[in-house]
Amino acid sequence: MNTRNHYDVAIIGAGMSGLAAGIRLAHFGKKVCIFERHNATGGLNSFYSIGGRKFDVGLHALTNFVRPGVKGTPLTKLLRQLRIDRAEFALCEQKQSRVAFGPNGETSLRFTNDFAVFENEVARQFPKEIDGFRALVAAIKTYDDVSLEVAPISARAVVRTYIKDALLEDMLFCPVMYYGSAQEHDMEFGQFVIMFKALFLEGFARPFDGVRVILRVLLEKYRQAGGERRMKCGVRKILSREGRATALVLDSGEEITATHVISSIGAPETERLIGVATDAAPLEAGRLSFVETISILKCQPAALGWGSDTIVFFNDSTRFDYACPGEALDVRSGVICIPNNFDFGPDRQLSDGIFRVTCLARYDQWAPLAEESYQAQKIRCFDNVQRSARRFLPTVSDAALSEATITTDMFTPRTITKFTGHIGGAIYGAPVKHRQGRTPLENVYLCGTDQGFLGIIGAMLSGISMANFHILQKKS
Amino acid sequence: MTKDECKQVVLDIIADIAPDEDLSNVKPEVRLRDQLQLDSMDFLDIVMELRKRHSIEVPEADYQHLASLDSCAEYLTPKFIALAAKG
């Protein structure tokens, strides 16, 4: 078995979860190789350059931020498990974020990395609900959200037992859903708990140089631990016999073997690679997809009056509708991110102004378009997305924004599929998660978004948990 | 290997696993969990680092012996001595 092309563990995908799993396994002496179809690591959480300018994609903010000294939270666990010194990420905290609802954001709940700010905002604007809100928070704090064995329950149903005002209910769900829910309309309560803690009880931060800092740290740890990596080297097929994977067929046609396989590419996507004919219906793919616009500005956003908000979750309608739109785009709700508004310290600012907006989109209205129509639709949608979002920020005239804009770009559901391989541009993967990471093959395990820990910290913890649970904790 | 050296081995491992913990005042007779914030993931790492660095195997049934520095020393020192004798 111990030939040159045999690995203890083959990992499919060099995103956050695959890299984290790889670091653990390589650190403890496993012969590991990560196979990545693209030339870049990070999956959707990555960056690219156009005309010498670096664009971040995916990550708005690293969630789960806690200050040094706070222990037992996902960020601390992650740093310990990967032997990362928190100074290596050099995280800078958000200034403030908001949930803004109503046609022009009439009801707005401010929050920061200090939970008391959010609690006071709820008490001030929803005085009748504050007791219920506090009881909900207490229930969230004691819920065992990382258990690998839980029965799914509806988060909407649980939250409604505490919160009676539909507006507040929707305002709590909007950020939580936008930052991680793969399910339309509702989510599993455990997932809600993970995200509520990550966003509100913990908080937002980012390295000055964005997501590339996190990727650089992960890659360096993986390299130091002796892990191998093969880029532009996708896995086309998983061969199996009697319920076990026997070999991986690479895009080049080359075959490699591994004792264990960890797949970070998603549950339905992994099932496709396995391709076993079973009587069961194929796993359902996710339907939730996004577009995101990005504008690079020649001034700091503060110069336009946009200097306060780091992230704004908005919705203009009576109810918040987190679902696959009937058309290409749904601009009624979305997320604004202004990365300049992290607190980078008194003497430091990002060189360009950046204004990003995310909205829900429908994959099948983008995927089949011919290149020309695709580009035309992008231009049309770009304008709709930004116009909608700007209602929730201090007014800036079209002329002033256009004067300040150096360049723009946009990702669509098509981009998501290109970089993640997710069927249907599903940003957060499939609606049904697999906590134990099991697949039809006994030596193939899932990690990443379809295992069900959310956010980038969640993704990394997912890789760690699955490497521990399926491989490192087993008798060698 | 003396018992004190053995305790130092364990402390060195904890220092690498949990650099955010203050280890200057760890009481050897008190359970590690009661004076440091270590969870089950951290204890698993102590076991795995023992295997990686010192080729010491701790079967799951014996994890209880890693509760305090004193119990670690009682349990691990004979293993270190046996290993040295073999090597």
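What to note about this one:
- Residues of the range A:436-476 buried by at least 30 Å² on assembly (accessible area, 1.4 Å probe, chain alone as reference): A:LEU472, A:GLN473, A:SER476
- The C-alpha atoms of chain A define a longest principal axis, and helix A:211-224 lies at about 20 degrees to it.
- The range A:375-470: C-alpha gyration tensor shape, a/c 1.5 cut-off, then a/b vs b/c: prolate
- Cα-based helix-to-principal-axis angle, A:371-390 vs chain A, degrees rounded to 10: 50 degrees
- Between A:ASP398 and A:ASP85, the FRET efficiency estimated from the beta carbon spacing at R0 = 45 angstrom works out to 0.45.
- Sorted peptide list for A:33-39, A:195-201, criterion being average Cβ within 10 angstrom, highest first: A:195-201, A:33-39
- Couplings 3J(HN,Hα) for the range B:59-67, derived from phi with the Karplus relation 6.51 cos²θ - 1.76 cosθ + 1.60 (θ = phi - 60°), are x, 3, 5, 9, 4, 4, 6, 9, 4 Hz, where x marks Gly and Pro.
- Over all other residues within a Cβ to Cβ distance under 10 Å of B:ARG33, the charged ones net out to -2, with Lys and Arg as +1 and Asp and Glu as -1.
- Inverting the pair-averaged 1/r between distinct Cα atoms of the range B:3-86 gives 12.8 Å as its Kirkwood hydrodynamic radius.
- Listed by chain and number, the lysines placed with their C-alpha closer than 18 angstrom to that of A:LYS474 are A:LYS30, A:LYS31, B:LYS52; residues fewer than eight positions away on the same chain are left out.
- Test item: B:38-48 mean partner chain Cβ contacts at 10 Å: 4
- Model label zone, A:PHE208; criterion: amide N under 16 Å from point 7 Å along Cα-to-beta-carbon; scope the range A:87-130: A:87-94
- Close amide H partners of A:THR310, meaning residues 5 or more places away or on another chain with modelled amide H under 5 Å apart, are A:LYS95, A:GLN96, A:SER97.
- Environment charge at A:THR358 (Cβ cut-off 12 Å; Lys +1, Arg +1, Asp -1, Glu -1): -1
- Ranked packing of A:264-272, A:338-346, most packed first, by mean Cβ within 10 Å: A:264-272, A:338-346
- Relative to the globular-protein estimate of 2.2 N^0.38 Å, the Cα radius of gyration of the range A:317-376 stands at 1.61.
- The Cα center of the range A:156-228 and the Cα center of the range A:1-60 differ in position by 21 Å.
- Residue-averaged 222 nm ellipticity for chain A, from DSSP H runs of 4+ at -39500 (n - 2.57), nearest 500: -9000 deg cm²/dmol
- Solvent exposure of chain B amounts to 54 Å² per residue of accessible area, where only protein heavy atoms count and the probe is 1.4 Å.
- Sequence-separation-based contact order of the range A:1-160, relative, with Cα cut under 8 Å and 6+ spacing, percent: 11 percent
- The magnitude of the dipole of chain A, with charges of +1 and -1 set on the Cβ of Lys/Arg and Asp/Glu and taken from the Cα centre, is near 1300 debye.
- Remark on the range A:311-422: ratio of C-alpha radius of gyration to 2.2 N^0.38 Å is 1.18.
- Computed over the alpha-carbon atoms, chain A gives an Rg to Rh ratio of 0.96, Rh here being the Kirkwood radius from the mean inverse distance.
- Relative contact order, whole percent, for chain B stands at 42, derived from Cα pairs under 8 Å and 6 or more residues apart.
- Cα long-axis angle, helix A:130-142 against chain A (0 to 90 degrees, to the nearest 10): 20 degrees
- Karplus-derived HN-Hα couplings along the range A:360-370 (A = 6.51, B = -1.76, C = 1.60, θ = phi - 60°), whole Hz, x at Gly and Pro: 5, 9, 10, 3, 6, 8, 10, 4, x, 5, 5
- Model label zone, A:ILE130; criterion: amide N under 18 Å from point 7 Å along Cα-to-beta-carbon; scope the range A:69-109: A:108-109
- Radius ratio Rg over Rh of the range A:239-297, counting only Cα atoms, Kirkwood formula for Rh: 1.15
- Computed E for A:THR408/B:ASN25 - FRET, C-beta separation, R0 45 angstrom, nearest 0.05: 0.20
- Separation of the A:GLU121 and A:ARG223 label points, Cα + 7 Å toward Cβ, nm: 4.1 nm
- In this structure, the amide hydrogen of A:THR407, modeled 1.01 Å from its nitrogen in the peptide plane, lies closer than 5 angstrom to those of A:ILE296, counting only residues at least 5 positions away or on a different chain.
- Rg and Dmax, both from the Cα atoms of the range A:343-404 and both in Å, are 15.8, 48.
- Bridge type composition, the protein assembly as shown - antiparallel percent by DSSP, nearest 5: 70 percent
- Taking 7 Å steps out from each Cα toward its Cβ at A:ASP144 and A:GLU254 produces label points 4.5 nm apart.
- Classified by the C-alpha gyration tensor, the range A:68-176 has an oblate form. Its axis ratio a/c, with a ≥ b ≥ c, is 1.5 or above, and a/b does not exceed b/c.
- Total buried accessible area between B and A, probe 1.4 Å, nearest 100: 1500 Å².
- If R0 is 30 Å, the Cβ-Cβ spacing of A:SER373 and A:ARG236 corresponds to a FRET efficiency of close to 0.50.
- Under-5 Å amide H pairs with A:ARG236, H placed in peptide plane, nonlocal only: A:VAL249, A:LEU250, A:ASP251
- Our summary gives chain A a relative contact order of 24 percent, counting only alpha carbon pairs under 8 angstrom and 6 or more residues apart.
The values are calculated or read from the model by the stated rules, or taken from the named source; none is laboratory data. From a predicted model like this one, the values you see are computed outputs, not experimental measurements. Backbone-built Cβ (ideal geometry, glycine too); neighbour counts: all protein chains shown. The area values use the complete protein model at the heavy-atom level, side chains included, leaving out ligands, DNA and RNA. Shrake-Rupley method; radii C 1.70, N 1.55, O 1.52, S 1.80 Å.
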